[in-house]
Amino acid sequence: MLGHRLSEWCGHGPILEEDIALANIALDLIGQATLFLKLAGETEGKGRSEDALAYFRDAIDYRNVELVEMPNGDYAYTMVRQFLFDVFSYHMLEQLQKSTNPALAGIAAKGFKEVRYHVRHSSEWVVRMGDGTEESHTRAQKALDDLWRLTAEMFQADDIDREMAAEGIGPDIAAIEPKWRAVVDDVMKRATLTIPNDPPAMTGGRKGRHTEYLGHMLSEMQIVARSYPGAEW
Amino acid sequence: MDQQPQNTTEEALNAKFEARIAAGETIEPKDWMPERYRTQLIRMMSQHAHSEVVGMLPEGNWITRAPSLKREMVLISKVQDEAGHGLYIYCGTETLGVDRAELVDQLLSGRAKYSSIFNYPTLTWADMGVIGWFVDGAAIVNQTVLAKASYGPYARAMIRICKEENFHKKQGYEIIATLAKGTPEQKAMAQGAVNRWWWPSLMMLGPSDTNSPNTAELMRWRVKRKTNDELRQRFIDLTVPQADAVGLTLPDPDLKFNPETQHYDFGAINWDEFWQVVKGNGPCNRERLQARRDAHENGRWVREAAEAYAAKHSSPAQSAA
């Protein structure tokens, strides 16, 4: 989802170098998603390919956290969103590399290498915007204020997460939060941004109860694939 | 009389330059060159860079609707390559003593041109295939020749860019080949895109030689190596068999192989349409330029933030002062 969102920037970035960087990150993320979806389809064993899972599921059947489906907004919004997720992804994939499932561990190892660069890119931009001009600071603070309430969802483990962690397949998601928070605190301090005290928003993305944005995003993404059922591309 | 020594020097330099060109030597940024050579190169190279950047828009239009994860990734990579080409050629142009900000300003103010082809809309997924096949195909025909241009930085940029363009063309043709052997709707989609893009792609190679004021001089300086009409013929000769191979028809009833010339004859190009698009009246001229202006304006505060941060965190001595 996040990779798809980033791809919306293609050709509209603030500077040509950022068009290139965002396209790179989008490619990494969609590449990771493709591998995870392929593995999910194989594990399910009903013959659903990665494309079937991406293009022929409705929003209600998607299981992503809400943070990553939020619209791009301005560049501060995009970068703050990216940073909050990148740091989570970094720690999640770092743990997932140790999964007892070798296929998952393999995808995580590949993704982890990529995400290290993503964190560097987004954190440097958050710092530059926060500690740049008055305008960039105001925009970055506004983005953080809006998005912060959606971050708690990343660390809310459900029964499946707990079962996976117990079997050594997935990481202990809740345990990632303090590590994530330490990095976020550090970067926000450098960026002279203030973490808001707002309580977490009522989120339900991982149960299929998404924001209204997801349906619109998917309707665009799925239009061609769904308009020609059975077609090969 | 005071002028004479300077003129003599200028004449001597000029003669030496023309001799180097005639001998097939490569001109490098620090070499002396006539002002007109410099300005012509800046014009051509910056138009090329602008075309790469504006060219991101028609394809970017379909990234979020690509029909599979693989196609989406390939399309993002392609548009990303175009951004890279733009950047690379802007840098090459800077070796001629003009900076990128100035070139971008020329584009946004409408003073600089970019390839007319990007003022046409992308209406179906098949357009992503045809752009790769035709537009990148025509670009390769042009750029393969430019790779032997007399100005070193431009020639070297073209060599590198051509490699990627070849890949773009292949992926475009592969999209079309897949559609052509797909469902009847897919094949119709491919044929429709071929019909819409064929003539603009021929026009993309530039006005006919009889109406191309810069050609003679640019050929003499080896900035150009083939005329627009020669390039166009080469593109047509390459493309017709490719269309046959996937069972699609090029929309020109006069297109047929001429055994005498060993080339394909083709019908009359509607140059009125070409000049209309060049003058700004094409289907998407306003939208393309507006999209670039918006990106530039909306990105201003981001660039300023990066500059302000860099200034604050430069060397301590500077900050203290």
Filter result for the condition that a residue is among the acidic types (Asp, Glu) and within 21 Å of A:VAL65 (Cβ to Cβ), over A:GLU232, A:GLU220: A:GLU220
Residue list for segment B:109-163, restricted to those being farther than 19 Å from B:LEU179 by Cβ, in contact with a His (Cβ under 7 Å, 6 or more places away or on another chain) and of a type outside the set (A, V, I, L, M, F, W, C): B:TYR114
Segment B:72-106, residues that are farther than 22 Å from A:ARG5 by Cβ and among the basic types (Lys, Arg): B:ARG100
Flag if B:PHE257 is under 19 Å from the mean Cα position of the chain (by Cα) and among the aromatic types (Phe, Trp, Tyr): no
Whichever residue in segment B:164-186 is over 15 Å from B:GLN242 (Cβ atoms) and modelled with pLDDT under 95 and, among such residues, is nearest to the other protein chains (Cβ to nearest Cβ): B:GLU164
Matching residues in segment A:202-233 - criterion: being more than 10 Å from chain B (Cβ to nearest Cβ), outside any helix (DSSP H, G or I) and surrounded by 15 or more Cβ atoms within 10 Å (Cβ to Cβ): A:THR203, A:GLY208, A:HIS210, A:THR211
Per-region count, segment B:121-130, residues more than 14 Å from every other protein chain (Cβ to nearest Cβ) and crowded, with 24+ Cβ neighbours inside 10 Å: 1
Count - residues of segment B:196-248 that are surrounded by 20 or more Cβ atoms within 10 Å (Cβ to Cβ) and acidic (Asp, Glu): 0
Residue within segment B:29-51 that is surrounded by 14 or more Cβ atoms within 10 Å (Cβ to Cβ), within 11 Å of another protein chain (Cβ to nearest Cβ), in contact (Cβ under 8 Å) with a residue 60 or more places away in the chain and closer than 17 Å to B:ALA139 by Cβ present: no
Among (1) touching a helix residue (DSSP H, G or I) at 6+ places or on another chain (Cβ under 7 Å); (2) in contact (Cβ under 8 Å) with a residue 60 or more places away in the chain - the single one B:GLY206 does not satisfy: (2)
Residue check, A:GLU18 of a type outside the set (Gly, Ala, Ser), buried (at least 19 other Cβ atoms within 10 Å of the Cβ) and touching a helix residue (DSSP H, G or I) at 6+ places or on another chain (Cβ under 6 Å): no
Cross-chain or 6+ apart pairs with Cβ under 6 Å, segment A:182-197 first and modelled with pLDDT of 95 or more, then surrounded by 12 or more Cβ atoms within 10 Å (Cβ to Cβ) and of a type in the set (Ser, Thr, Tyr): A:VAL187/A:SER123
Residue match in segment B:98-111 (condition: under 17 Å from B:VAL223 (Cβ atoms) and either modelled with pLDDT of 95 or more or surrounded by fewer than 24 Cβ atoms within 10 Å (Cβ to Cβ) (or both)): yes
Hey, B:ARG65 in contact with a helix residue (DSSP H, G or I) (Cβ under 6 Å, 6 or more places away or on another chain), of a type outside the set (Val, Ile, Thr) and more than 16 Å from B:GLU174 (Cβ to Cβ) or not: yes
Hits in segment A:125-164 - residues which are outside any helix (DSSP H, G or I), under 21 Å from A:MET70 (Cβ atoms) and hydroxyl-bearing (Ser, Thr, Tyr): A:THR151
Those residues of segment B:200-218 which are in a helix (DSSP H, G or I), closer than 22 Å to B:LEU250 by Cβ and either modelled with pLDDT under 90 or small (Gly, Ala, Ser) (or both), in sequence order: B:SER201
Those helices (runs of 4 or more DSSP H) lying entirely in segment B:219-321 with at least 2 residues in contact (Cβ under 8 Å) with a residue 60 or more places away in the chain and either away from chain A (no Cβ under 14 Å) or closer than 23 Å to B:PRO121 by Cα (or both): B:228-245, B:271-276, B:285-298
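The values are calculated or read from the model by the stated rules, or taken from the named source; none is laboratory data. Here the structure is a predicted model, which is why all the values come from computation and not from measurement. Glycine gets a Cβ as well: all are built from the backbone with ideal geometry, and neighbour counts include every protein chain shown.
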